[in-house]
Structures are given as structure tokens and as C-alpha cells.
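The block underneath contains the structure these notes are about, expressed in C-alpha cells.
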Amino acid sequence: MKALDKNFEEIFGGLTNYTATVEANRCLYCYDAPCITACPTSINIPSFIKKIASNNLKGSAKVIMESNPVGASCARVCPTIELCEGACVLNSEEKPIQIGHLQRYATDWLRSNDVELFKAGSANGKKIAIIGSGPAGLSAARELARLGYAVTVYEASEKAGGLNYYGIVSFRLPQDVVEWEVQQVEKLGVTIRTGVKIGQDVLAEELLASYDRILVAVGMGKVPTLGVEGEDLDGVYDAIDFVKESKAGVTDKVLGKKVAVIGAGNTAIDAATCSVRSGAERVQIVYRRTVNEMTAYPFEYDFAKQDGVEFRWLSLPKQIIGDENGKVVGLQCVGMELGEEEDGKATLHEVPNSEFVIEVDAVIRAIGQTKHVELIQHLGLDHTRGVIDVDMETLKTSNPKIYACGDVIFGNGYGEATVVSAAQQGKDSAYAIHQELSVNSEIA
Ligand code: SF4
């Protein structure tokens, strides 16, 4: 674990010219390629790979970025083995094409070469406000700008990029990649107003009066509380805040400490591996169910194990224990067991007399994310437990002037909570807005 202390460099250094060319030449350039169907943004994967094989890196990057405005980020964070690489026909023969690494190779070339790929459309006189500058908001902004709309993006944080900028550990997604993608959108004339909170600095009425349509793409919020005693102790952290802080520089919050991360999703894995790289002495993930029910991807699980993260399954936190100075010294848990299935999920029961204490001096909560209910109510939108209700075809909300996409509608059966799915929804919502305004002959 010590070798990883303070190492926030990207895990993988990228393909060389030689390895990229060799890998590109392995592709069969399939007709009706299943890898395209498996990509939520439908990137023409054989086309971009063929262009790498013929050393046309600009053309390759254009194919990627045309379909996915955050294609450089997705090259790093997409669960490729679940998507394009999982569908590659070569899985049955040898090993799939390393599509993610090839996508990174082409987009890295683009980032280091000042090449203009897209232009703003001729101004059509219509104005769109987008709330949130994460992958969904950025993708919508780019497509709307290309269609000739005047787009203003409102971002509550100091920097644009949302989840990609603040919420994914820098050794998986460096901030300069996200900054570059933001710049590509700004180059099309999109205005990004950072540090502006809707409902405080700018009111919904002002947006509705000033813009032809509004798109809500704010993602999700902080980690909810555990509901156990001791959450206010010194040494208890929110995983989202913890990762965000690590991206601004190495945090000393867990230096030399024994850390318990509660939860077993991808954010929990990020918090755990980030703790390792922030100098934690020991890191344990505590989860009330088993490895079979964890929501983290298998490759994330493997990555955490390689980092030396330990896993305590079937353990439910009951209390965070503090010392006389209010500092965390332990996590009291109870053992759990799985019971009969109900609604496709095993029931959970506490095992009698199974209480135990894990000796820790830091606890990181990573049990999901809250919804932006306050903002949704300020906008006056119908929602179901914080998930904005939308028409699945058009992504239109209960207010006909307001659309929504990305994680803020995740949970209504639409899309997945992934960066690439958010990017596609951003595109979809842009086209839906354009379709409506065009059909209504509001655009010449
Ligand atoms: Fe190439 Fe595999 Fe896609 Fe076929 S399925 S085009 S071999 S990446």
C-alpha cells in the first residue's frame, strides 16, 4: 500500500504509436458491428479504429467526438468491458479489441494538436439555458451550439465539468482532460457561468423569462447520512466531498489512518482507492450485503483489491464510536445474513449477538447520492422522490419549457448512471428541443 502513497498519476500511461497500430490492425471492421450497438453514444468504432490503422488520427478523433462530446473522458471512465469491448466478436476467439485505449489514443492526439473539428451553427435567434455543466449539460450545449442556439450554461461550482471534474478520482480521469472538453464547447460560443446557483443567484422566473427553453442537467447531490449515532464526529467524511478535495490536491484527511468506507458502489471504490493514495494505513470497505450484490463494476472491484483495499461483507454499521475529544476511534457493526428473495432481491437479517467493532480513525460515507429536491421544487417540476418526471420520448418535464437529462432523471427507468449515458441523453435532449422549436416553426 505504501508504494501508492501520493500517487495520483493516471494508472495507465496510454498506448504507444506502435501498440496502437498493432491493436487497430487486429480489428475485423465488422459489418453491423456489435460494438457500435453496445455503445450508448453509437460511436462508429470500426471506422475510428480503421483510421488509426491508416494513421489518420484527426479523422479518427472526429468520428469519436462527433458521437460523444466527452469522448476523451469516456475513453478513460467507460465500463468498456460491460459495453463495447464486452460485445466485441473477438471475445470468443482471443481477447477483445482494446477499444477504450484506442479511443484514448485518438483523443489524446486531438488534445495535443490544436485542430478545430466543429463549428457553431448560424445563429437562429433562440436562447437556451442549461443548468449543470457535467457530461449531460456539456453534450447538450455542444449540439445546441452546432444547431445555432445561443447557449448559456449555469454551473454552481467554481469550475465547469461536473462529475467529470470533481467526482471521479484524478488517477482515472485527470482534470486537464475535462478542462479541454469544456474548452471545446466554449469555442463554439457557449457561455459557461460558474459559481452561479439557480434559486439563489438566479431565479427560475428569470430563466423562464429570458430563455426559450431550459434544460436541467444537474446530476445528483451529496451522500446521504447513514442514520447512525456518531456521524457528527471529527473524522467522518462524505465520499463525494473527499474525492472532490483530492482532485484539488492530495488531502491529508486520512494520512496514516485506518479508514472504513461504507458502501460498495463505484463511489465507494473511488473513495477507498483515493484513501490508499492519500497515505491511509489501512482501508476497509464495509458493506451490509455480499460481493454478489455490490454495485461497483467487477473491474473496479479488482482495481481496489490490487490497491490493497480490504472488504468486509455482511457487515452493517450501527454506530460510529468517538473518544473524549470527539474523534473517530471505531465503527461498531453487526453481522448480517441473506434470507429469502423478495422482489428479486434477498432479504437481509441481523445475526443475533454478532456485534463487533472495527478499529478505525476515519469513516467515509459512500452509500449513494441525494437528489436536488430543493432546486427541482424551485423550478416547480413534478418529481418522484427527487427524480424529475419526464416524458421518455422527449425528455420534457411537467413544465413545457423545461427539459431534463442525465443523473437528475436516473431512476425513472431511463438510461444508466454512467458518463456515457449522460452524454447521450444530453444529445437526445438537444435534438428534442430543436425538434420542438423547429416543428413549431419558431426557427426559420
Ligand atoms: Fe472491431 Fe471488435 Fe468492433 Fe468487430 S466487434 S468492429 S472486431 S472492435
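A few notes on this one:
- Wholly within segment 72-180, helices (runs of 4 or more DSSP H) carrying at least 1 residues that are at pLDDT 95 or above and either away from the ligand (no atom under 16 Å from the Cβ) or touching a strand residue (DSSP E or B) at 6+ places or on another chain (Cβ under 9 Å) (or both): 99-111, 135-146
- In segment 36-64, the residue that is farthest from GLU82 (Cα to Cα) out of those that are within 13 Å of the ligand (Cβ to nearest atom), within 25 Å of the chain's Cα centre (by Cα) and open to solvent by 60 Å² or more (accessible area, probe 1.4 Å) is ASN44.
- Members of segment 236-285 that are closer than 19 Å to PHE311 by Cα, of a type in the set (Asp, Glu) and open to solvent by 40 Å² or more (accessible area, probe 1.4 Å): GLU281
- Against the test of being crowded, with 17+ Cβ neighbours inside 10 Å, more than 19 Å from ILE367 (Cα to Cα), modelled with pLDDT of 95 or more and not hydroxyl-bearing (Ser, Thr, Tyr), the options GLY326, GLY322 yield a single qualifying residue, GLY322.
- Residues considered: GLY219, GLY227. Of these, the only one that is touching a Leu at 6+ places or on another chain (Cβ under 7 Å), assigned to a loop (DSSP other than H, G, I, E, B) and open to solvent by 10 Å² or more (accessible area, probe 1.4 Å) is GLY219.
- Qualifying residue in segment 96-111 (condition: over 30 Å from VAL309 (Cβ atoms), touching a Cys at 6+ places or on another chain (Cβ under 9 Å) and open to solvent by 20 Å² or more (accessible area, probe 1.4 Å)): no
- Number of residues in segment 373-422 that are small (Gly, Ala, Ser), out of contact with any Phe, Trp or Tyr (no Cβ under 7 Å at 6 or more places or on another chain) and over 19 Å from ALA129 (Cα atoms) equals 5.
- ALA346 under 30 Å from THR273 (Cβ atoms) and hydrophobic (A, V, I, L, M, F, W, C): yes
- Total residues in segment 17-35, condition among the hydrophobic types (A, V, I, L, M, F, W, C), open to solvent by 50 Å² or more (accessible area, probe 1.4 Å) and near the ligand (Cβ under 9 Å from one of its atoms): 1
- Segment 320-350, residues that are hydrophobic (A, V, I, L, M, F, W, C) and within 18 Å of VAL291 (Cβ to Cβ): CYS333, MET336, LEU338, ALA346, LEU348
- Scanning segment 192-203 for residues that are in contact with a strand residue (DSSP E or B) (Cβ under 7 Å, 6 or more places away or on another chain) and of a type outside the set (Lys, Arg) returns ILE192, THR194, VAL196, ILE198, VAL202.
- Restricting TYR403, TYR431 to residues that are modelled with pLDDT of 95 or more and touching a Ser or Thr at 6+ places or on another chain (Cβ under 6 Å) narrows the list to TYR403.
- Residue match in segment 212-222 (condition: closer than 30 Å to SER398 by Cα and over 24 Å from the mean Cα position of the chain (by Cα)): yes
- Breaking point among (1) closer than 24 Å to LYS345 by Cβ; (2) modelled with pLDDT of 95 or more; (3) part of a loop (DSSP other than H, G, I, E, B), for ASP232: (1)
The values are calculated or read from the model by the stated rules, or taken from the named source; none is laboratory data. It should be emphasised that the depicted structure is a prediction, and the values quoted were computed from it without experimental measurement. A quick note on method: Cβ atoms are made from the backbone with ideal geometry, for glycine too, and the neighbour counts reach across all protein chains shown. Accessible surface is based on the protein model in full, side chains and every heavy atom, while ligands, DNA and RNA are left aside. Shrake-Rupley method; radii C 1.70, N 1.55, O 1.52, S 1.80 Å.
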